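Chemist: Can you read through this structure? Questions will come right after.
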Amino acid sequence: MPIEIPHLRIKSFALRPRLFSGEQEGALGGPDLPIPRPGDRFAVDVVTTQFRNDAEGRMMTAALFQASNSSAIMRIVQPNRAPRSAGFTAVVDGGDQGGMTLSLRGLQPGGALTRGNFFSIVHNGRRYVHMIACAGQVIVPADGRVALPIWPMLRFLTVDGEPVEFVSPMIEGKLLGFDKGASFVRAKTEPLSFSIQERA
């Protein structure tokens with residue numbers, strides 16, 4: 001079971017892509033061709049501010065120590081996201097989907113899905129992060145169903161009814177960068193830095 005890393009005293013939260021796609025160079029001066037491949041995914045680099053020797057500091061360091069030989073999971077906070085979400089009860093609409101379009105149902109009619117916002121799909125108990133890749137916004141019709149352009153492409157075949165988290169998306173994976181642990185100075189804990197890297 002993954003260990004949740006609390007969102008406490010976060011100074012920076014840098015979400016970045018891990019790319020397994022490639023590019024084929026053109027022969028004899030010909031054009032280079034991008035080669036998208038399944039497997040592109042996300043990682044996040046996190047830096048905190050200084051902690052006092054209090055409950056918050058103990059909670060953060062305990063979660064990081066526990067996750068260091070397990071899996072970590074952390075909420076993706078999107079500061080410019082609209083407070084009203086169309087996806088409170090969204091689920092995958094249909095099994096065996098692949099590629100860069102995801103069919104969904106259970107969305108709030110009239111709600112907007114906006115380019116650049118992130119969400120997570122819960123597949124076989126693991127979360128996978130994706131980004132909305134439509135042009136501008138997709139307005140949810142009366143039946144609550146949409147075919148949503150996404151990035152990167154799906155890394156698995158979907159199962160009908162799988163939960164999709166638009167309100168509080170989470171990144172889950174391997175904890176990196178916490179090898180030196182936490183440094184305690186007098187009554188304080190020095191700023192912490194770590195990364196979470198999706199495994200699949």
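The values are calculated or read from the model by the stated rules, or taken from the named source; none is laboratory data. Note that the structure is predicted; figures quoted are calculated from it, not measured. Cβ: placed from backbone, ideal geometry, glycine included. Neighbour counts: every protein chain shown. Accessible surface areas use protein heavy atoms only, side chains included; no ligands, DNA or RNA. Shrake-Rupley method; radii C 1.70, N 1.55, O 1.52, S 1.80 Å.
Chemist: With the condition kept exactly as written, say whether any residue in segment 107-115 is among the small types (Gly, Ala, Ser) and closer than 22 Å to residue 172 by Cβ. Can you show your working first?
Modeler: Our first condition is that a residue be among the small types (Gly, Ala, Ser); within segment 107-115, this holds for 110-112.
Within this subset, residues satisfying the condition of being closer than 22 Å to residue 172 by Cβ are none.
No, segment 107-115 contains no residue that is among the small types (Gly, Ala, Ser) and closer than 22 Å to residue 172 by Cβ.
Chemist: Does residue 60 count as modelled with pLDDT of 95 or more and over 14 Å from the mean Cα position of the chain (by Cα)? So that I can check it myself, show each step before the final result.
Modeler: Details: modelled with pLDDT of 95 or more: yes; over 14 Å from the mean Cα position of the chain (by Cα): yes.
Taking the combined requirement at face value, the residue satisfies it.
Chemist: Out of 144, 125, which single residue is more than 15 Å from the chain's Cα centre (by Cα) and open to solvent by less than 70 Å² (accessible area, probe 1.4 Å)?
Modeler: Numbers: 125 fails: more than 15 Å from the chain's Cα centre (by Cα).
After ruling out the rest, the residue left standing is 144.
Chemist: Within segment 71-113, which residues are over 30 Å from residue 176 (Cα atoms), open to solvent by 40 Å² or more (accessible area, probe 1.4 Å) and either of a type in the set (Phe, Trp, Tyr) or within 16 Å of the chain's Cα centre (by Cα) (or both)?
Modeler: 88
Chemist: Could you identify the single residue in 43, 14 that is surrounded by fewer than 11 Cβ atoms within 10 Å (Cβ to Cβ), outside any loop (DSSP other than H, G, I, E, B) and in contact with an Asp or Glu (Cβ under 9 Å, 6 or more places away or on another chain)?
Modeler: Checking each option against the conditions leaves just 14.
Chemist: Can you tell me which residue is farthest from the chain's Cα centre (by Cα) among those in segment 148-200 that are modelled with pLDDT under 95, of a type in the set (Ser, Thr, Tyr) and surrounded by fewer than 17 Cβ atoms within 10 Å (Cβ to Cβ)?
Modeler: Here the residue is 183.
Chemist: Another one. List pairs: first residue in segment 101-112 and in contact (Cβ under 8 Å) with a residue 24 or more places away in the chain and at positive phi, second residue in a loop (DSSP other than H, G, I, E, B) and of a type in the set (Val, Ile, Thr) anywhere in the structure, Cβ distance under 9 angstrom, at least six positions apart or on different chains.
Modeler: Sorted first by the residue in segment 101-112, then by its partner, the pairs are 106/89; 110/140.
Chemist: Which one is farthest from residue 195 (Cα to Cα), of the residues in segment 17-32 that are open to solvent by 90 Å² or more (accessible area, probe 1.4 Å) and more than 18 Å from the chain's Cα centre (by Cα)?
Modeler: The qualifying residue farthest from residue 195 (Cα to Cα) is 28.
Chemist: I've got another one for you. Determine which single condition residue 120 fails, assuming it passes every other condition in (1) surrounded by fewer than 20 Cβ atoms within 10 Å (Cβ to Cβ); (2) at pLDDT 95 or above.
Modeler: If we test residue 120 against (1) surrounded by fewer than 20 Cβ atoms within 10 Å (Cβ to Cβ); (2) at pLDDT 95 or above, just (1) comes out false.
Chemist: Just to be sure, is residue 57 over 29 Å from residue 156 (Cα atoms), surrounded by 12 or more Cβ atoms within 10 Å (Cβ to Cβ) and either among the small types (Gly, Ala, Ser) or touching a Cys at 6+ places or on another chain (Cβ under 7 Å) (or both)? Explain how you work it out, then say what you get.
Modeler: On the way: over 29 Å from residue 156 (Cα atoms): yes; surrounded by 12 or more Cβ atoms within 10 Å (Cβ to Cβ): yes; either among the small types (Gly, Ala, Ser) or touching a Cys at 6+ places or on another chain (Cβ under 7 Å) (or both): yes.
Taking the combined requirement at face value, the residue satisfies it.
Chemist: Which residue pairs have Cβ atoms closer than 6 Å, lie 6 or more positions apart in sequence or on different chains, and pair a first residue in segment 27-48 that is closer than 13 Å to residue 100 by Cβ with a second residue that is open to solvent by less than 90 Å² (accessible area, probe 1.4 Å) and basic (Lys, Arg)?
Modeler: Listed by first residue and then by second, the contacts come to 38/155.
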